[in-house]
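The values are calculated or read from the model by the stated rules, or taken from the named source; none is laboratory data. Because the structure is predicted, anything quoted here is derived from the model rather than measured. Note that we place each Cβ from the backbone using ideal geometry, even for glycine, and neighbour counts take in every protein chain shown.
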Amino acid sequence: MTENKLKELLEAVREGRVDVEEALKRLKNLSYEDLFYAKIDHHRALRQGFPEVIFGQGKTKEQIVAICRRLYEAGSTVLVTRTTEEVFQQVRSELPLAQFNSLARTIVIPAGEIPPTGGRVAVLSAGTADLPVAEEAAVTAEVMGNEVVRIYDVGVAGIHRLLDQMDRVREADVIIVVAGMEGALASVVAGMVSQPVIAVPTSVGYGASFGGLAALLTMLNSCAIGVGVVNIDNGFGAAALATAITRLKR
């Protein structure tokens, strides 16, 4: 339940359009709902401004469908990350409004409007191989209420490509930089802007990149100021952090 929906319910009770028993029925699962294999946190939108997100990896199709259904029936916009086309088809058979982004591996089921943050997030990728993580960040930032600018394939191997886009980069309130290999792009961008930069190392690279560890260490050791670093391949986490920042504009 979102803050706006709770306000609407309380107003309806005050005005006599909904009786107390009906209101109590609607609120009985407000804390969380126990499905045995999952305890759905219906209170999260009130605490943090966005409903609980479903991490699809490791869950069965049946589990994902059931959690999606319960969140959607409670009036929450649904976001599933790290999922598949097969899971999407199963979800859409029960919830026809479901949308799938095959690159980001996300499912979104809109249920009412998420209040816009009023913020703009730029998502940069160093290379095309980083796009799955970059798109996960972009989709998440959009569904959380941000305007998103995508600026892809602007890595340091051809720095002129980034320089051509700097006017667009500087228009953002928060910048997410997604890079694998040595992960140098985050430092380059942060040295040229005043906005906070959220760096996302990816597991893209040859053997000595150690599955993203080389990029992670480069980003953590950045000599440019204003760089925060999330976990390897964690586009979702970067977008959630960016949204926490842009919500301050409200």
Which of the residues spanning the range 140-150 are in contact with a strand residue (DSSP E or B) (Cβ under 6 Å, 6 or more places away or on another chain), buried (at least 21 other Cβ atoms within 10 Å of the Cβ) and not in a loop (DSSP other than H, G, I, E, B)? ALA141, VAL143, VAL148
Within the bounds of the range 199-212, is there any residue that is surrounded by fewer than 16 Cβ atoms within 10 Å (Cβ to Cβ) and not aromatic (Phe, Trp, Tyr)? yes
Residue among ALA137, ALA129, ALA122, ALA157 that alone is in a helix (DSSP H, G or I) and in contact with a strand residue (DSSP E or B) (Cβ under 6 Å, 6 or more places away or on another chain): ALA137
Quick one: is THR77 farther than 16 Å from LYS5 by Cβ, surrounded by 16 or more Cβ atoms within 10 Å (Cβ to Cβ), touching a strand residue (DSSP E or B) at 6+ places or on another chain (Cβ under 9 Å) and touching a residue at least 24 places away in the same chain (Cβ under 8 Å)? no
Would you point out which residue out of ILE232, ILE176 is in contact with a helix residue (DSSP H, G or I) (Cβ under 9 Å, 6 or more places away or on another chain), under 20 Å from THR246 (Cα atoms) and either of a type in the set (A, V, I, L, M, F, W, C) or modelled with pLDDT of 95 or more (or both)? ILE176
Checklist (1) free of Cβ contacts under 8 Å to residues at least 60 places away in the same chain; (2) outside any loop (DSSP other than H, G, I, E, B) applied to SER194, failing item: (2)
Within the range 160-191, the residues that are assigned to a helix (DSSP H, G or I), farther than 17 Å from LEU131 by Cβ and among the charged types (D, E, K, R) are ASP167, ARG168, ARG170
Over the range 14-45, the set of residues at pLDDT 75 or above, in contact with a helix residue (DSSP H, G or I) (Cβ under 9 Å, 6 or more places away or on another chain) and surrounded by 15 or more Cβ atoms within 10 Å (Cβ to Cβ) is VAL18, ALA38, ILE40, ASP41, HIS42, ALA45
Within the bounds of the range 97-109, is there any residue that is surrounded by 14 or more Cβ atoms within 10 Å (Cβ to Cβ), basic (Lys, Arg), touching a strand residue (DSSP E or B) at 6+ places or on another chain (Cβ under 9 Å) and at pLDDT 80 or above? yes
Selection status of ALA215, crowded, with 18+ Cβ neighbours inside 10 Å, under 15 Å from ALA129 (Cβ atoms) and over 20 Å from the mean Cα position of the chain (by Cα): yes
